[in-house]
Structure formats: structure tokens, C-alpha cells
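Have a look at the structure below before the remarks.
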Amino acid sequence: MPIGNLLRDGRLAIRNLQRNPRRTLVAVFTVAFGIMAFLLAGGFIEFIFQDMRETTIHSQLGHIQIVRPGYFEKGIADPYAFLLPGESPEQRKVEKTPGFASLAPRLAFSGLISRGETTVAFIGDGVDPERERLLSSSINIVSGRDLTSAKESATVLGEGLAKSMGAQPGDTVVLLATAANGGVSAVEVKVAGTFATTSKEYDDRALRLPLSIARKLMKVDGATSWVVLLDRTALTAAAATYLRGTLDTRELEVVPWTTLADFYNKTVALFSKQVSVVKYIIGLLIILTISNTQTMCVLERTTEIGTSLAIGLRSRQVMGMFIIEGLLVGLLGGLLGVTLGYALALSISAIGIPMPPPPGMAHGFIGQILVNPSLAAEAFVLALMATLIASIMPAWKASRMNIVDALRHNQ
């Protein structure tokens, strides 16, 4: 369609909408409120995704983990067969990764922790406190303090593990584990503090120990993984590709956090489907409302349509006229809905939404609404598509009117 004809039809559609301003405003605000509701619901879910993603990365997984091939499949049963060296030239290569922020070696182990008459099984990580400070920024110290030195004889316990033992900061506990040589090894440490992450299951079983103490307990000199932190999560895929091309993949396996975050992946899949259902419901409501509005317009303008067809206006032009009117309603409603939704999202986020602890977490959180450009674009497209679909049937009926019957409609 030539630009001149499109502009002419657009001006005509605007005039037709102005003929009944009340009905037009109702239609526009119907679309706007639907889009606003979609933005708020989608923005809240988007915030949950972002918060869970960054908390998982900055409390447990990092952006990338470098391990021996097969470690995550067989390493739990025999971790000592998958040890990385304590220091390696490969670490220098990792530090040259675009977007690199930090690298922290970890030694995973398990055993029993005892205090008085109480003995509980645990899973542990030997960490370098200085290197972990940036990587583990989302771990909340509930009581006491965090580890401060790589050689201090202290530990931090998960909140649930500390409660099950009745342990407090300052208490002395004994850690027992099966060392690499097959013998039983033990070490006595002070409880420096307790911590909490997003995973209650992890907090109920986990503890952290300075790396040198963990190596002493397990009688090894190495690590089970190198945990890499990047400047931004969006760089993960590119960094993983770079590392696979730089490191010897026969000796080292590069595993991005998305492969390890099973709970996060399942949560995203579930909530994404819920948002899609909301989107379809809102789209259906918009279609029904706008379709009804357009049908009323066709009925009121039946004689006018008959006259237009009688003087030579083609059916497709009549159909296009009503479709353009519907699209204009979608355009105005979409712009208004995105603007109102974004403003309301900022206001609600500034106040915060107190949320109870979700399943699998011990603490609640303050929710927000995150409206990013992709979500706003999706909402705007939803407004246009819904009004387009809603306009097709009334426009088709208008274009197929019998000229004689249309001219005699009001007689």
C-alpha cells in the first residue's frame, strides 16, 4: 500500500474513532489495563528470576566451574580421583577470560560433625575466604562472622545445620571424614558464624572451612573445582566457549552455572508457563472486548458502509479501514499500558513487596517488579496483535455487506 494512501486511511480512522470518544476511551483503557496487568505480573516473575539467578551464582555456583571430566557424574562417590592441582598454569589462562572477575578453588568433602553428644552428617566446601569474598557476596551471615583467613581453625555452619546441633558462634566442634588414604581423619575447629543461602536444603547440611584446614582434614593438596566469577551473567556463554577453546578439554571440563542450577531451571520453566497463561488470558479479554466494540461500530455505520460501497469503494478498503481503527486502539492502549505499567512498577518497587518464604527457603524477601525492554516490547506486541485479531471478523463482515440491504438499514 502506498505511503500516501496509508496516511489518508490513518487520518480517516482517527476521525472515525473521534466520532464516539467515550467508546474509544473505553476500548483504549481496556487494552491499557490489560497490558498494565501483564507487565506487573511478568515484571514480578522477571524479578524473581533475576534475584534467584544472581543469588544462586553469588552464593554457590559462580558463573562457571572448571573440573575434571566426569566429576559431576562420578565425583560424589570418588572425589579424590578428580582432584585439580593446588596451583596450575591453567589458572593463569582462566584469568585472561574476557569479563573475568575472580577465580576461587574449592575442595568439596563430606563427613560427620560432632558437638557434645550430637553428631550430624554434613557436606562441606574448603574455600579461600579472600577469593570467595566477591564470589559469595549473596551468602548472608546470620550470626557471628564469616571466615577471614585461609589458615584459621574455624568454620561457618549453614543455619539449619547449626540449629540441628544447637551450635552457636564460639562453640567448638569436631569434623570427622574419610581421608584420601582411606583412614579416618578429624579436626577440631571453632564455629565462627552461621550463614543462610536461598536453599534451605543446602543450609540444613552445609558448612564451610578454610581451604588449608580442609586439605589437612582430607590429606590432599588440591581442589575439586575452580569456580569462576564474571563481571556479568550475560557473558557466561561466551566465556564458556572461550575457555573450552583455551583449556585442554581432555583434562579440564568447563561447566556453566545453568547446567548445575537444576532448581532454578525448573522454577523458570514453571513460572514461564504461568506467565504465558496470563498472557493468553489477557489477550483473549482484549480480543473479546475490542471485537464487541468493533461490531457495534459496524452496526452503527451500516448505511455509511453501504454508501461507500455504492460509490465504488472496494471491499478490501472497507475491511482495511476497520482494521486500521482496531490497530490504532491497540497502539494507543499499548503505549498507555506500557507507560502506566512501568510507572506503577517503579512505585511498587520503591516501596517493596514483603513476601513469605517460598518453598525450599527459610527466609522471606522483599519483592520488586522488574520491567525490562524485552518485557515491555512483548506487552506492546500483545496489544497490537490482540486488537488486530479482534478487528478481523467485524471488518470482514463490514466488507461483505450487501449494498442494497446496507442502504435500507435505517429505513
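Cβ contacts < 9 Å: first residue within 8 Å of V227 (Cβ to Cβ) and modelled with pLDDT of 90 or more, restricted to the stretch 96-107; second residue of a type in the set (F, W, Y) and part of a strand (DSSP E or B), any location; separation 6+ or different chain. Result?
Correct list of pairs: L103/W226; A104/W226; P105/W226; R106/W226.
For the stretch 29-74: of the residues being in contact with a Lys or Arg (Cβ under 9 Å, 6 or more places away or on another chain) and part of a helix (DSSP H, G or I), which is farthest from E201 (Cα to Cα)?
F38
Anything in the stretch 73-102 that is hydroxyl-bearing (S, T, Y) and closer than 22 Å to L243 by Cα? List them, or say none.
Matches in the stretch 73-102: S88, T97, S102.
I'd like to verify a number: residues in the stretch 173-187 that are in contact with a strand residue (DSSP E or B) (Cβ under 7 Å, 6 or more places away or on another chain), surrounded by fewer than 16 Cβ atoms within 10 Å (Cβ to Cβ) and in a loop (DSSP other than H, G, I, E, B), how many?
The qualifying residues number 0.
Give me the pairs, please: first residue somewhere in the stretch 254-282 and part of a helix (DSSP H, G or I), second residue anywhere and buried (at least 16 other Cβ atoms within 10 Å of the Cβ) and of a type in the set (S, T, N, Q), beta-carbon distance under 6 Å, and either six or more positions apart or on two chains.
Hits for this filter: Y264/T56.
Any idea which of A239, A223 is assigned by TED's automatic domain parsing to the domain that holds E90, within 22 Å of the chain's Cα centre (by Cα), farther than 30 Å from I366 by Cβ and not polar (S, T, N, Q)?
None of the other options fit; the residue is A239.
Taking the condition surrounded by fewer than 22 Cβ atoms within 10 Å (Cβ to Cβ), β-branched (V, I, T) and in contact with a His (Cβ under 6 Å, 6 or more places away or on another chain), does T249 pass?
no
Test of understanding: among F49, F109, which residue is in the same structural domain as P354 (by TED's automatic domain parsing) and under 21 Å from A196 (Cα atoms)?
Within the list F49, F109, the selection yields F49.
Please go through the stretch 206-239 and give me each residue that is surrounded by fewer than 19 Cβ atoms within 10 Å (Cβ to Cβ) and not in a strand (DSSP E or B), ordered by number.
Residues satisfying the conditions are S212, K216, K219, D221, D231, R232, T233, A234, L235, A237, A238.
Any chance the stretch 330-346 includes a residue that's under 19 Å from A395 (Cα atoms), part of a helix (DSSP H, G or I) and at pLDDT 75 or above?
Yes, the stretch 330-346 contains a residue that is under 19 Å from A395 (Cα atoms), part of a helix (DSSP H, G or I) and at pLDDT 75 or above.
Taking the stretch 190-202 only, how many residues are touching a strand residue (DSSP E or B) at 6+ places or on another chain (Cβ under 7 Å) and closer than 17 Å to E132 by Cβ?
Summing the residues that are touching a strand residue (DSSP E or B) at 6+ places or on another chain (Cβ under 7 Å) and closer than 17 Å to E132 by Cβ in the stretch 190-202 gives 6.
When you scan the stretch 98-140, how many residues do you find that are closer than 17 Å to T55 by Cα and surrounded by fewer than 20 Cβ atoms within 10 Å (Cβ to Cβ)?
Going through the stretch 98-140 one residue at a time, the tally reaches 7.
Among residues belonging to the stretch 145-172 that are small (G, A, S), in contact (Cβ under 8 Å) with a residue 40 or more places away in the chain and in contact with a Lys or Arg (Cβ under 8 Å, 6 or more places away or on another chain), point out the one that is surrounded by the fewest Cβ atoms within 10 Å (Cβ to Cβ).
My answer is G166.
I need every pair where a residue in the stretch 355-382 that is surrounded by fewer than 16 Cβ atoms within 10 Å (Cβ to Cβ) and modelled with pLDDT under 90 has its Cβ under 6 Å from the Cβ of a residue that is among the small types (G, A, S) and part of a loop (DSSP other than H, G, I, E, B), sequence separation at least 6 or different chains.
M355/G364; P356/G364; P357/G364; I366/G352
The values are calculated or read from the model by the stated rules, or taken from the named source; none is laboratory data. None of these values were measured; they are calculated from a predicted model. Ideal geometry is used to build each Cβ from the backbone, glycine not excepted, and the neighbour counts take in all protein chains shown.
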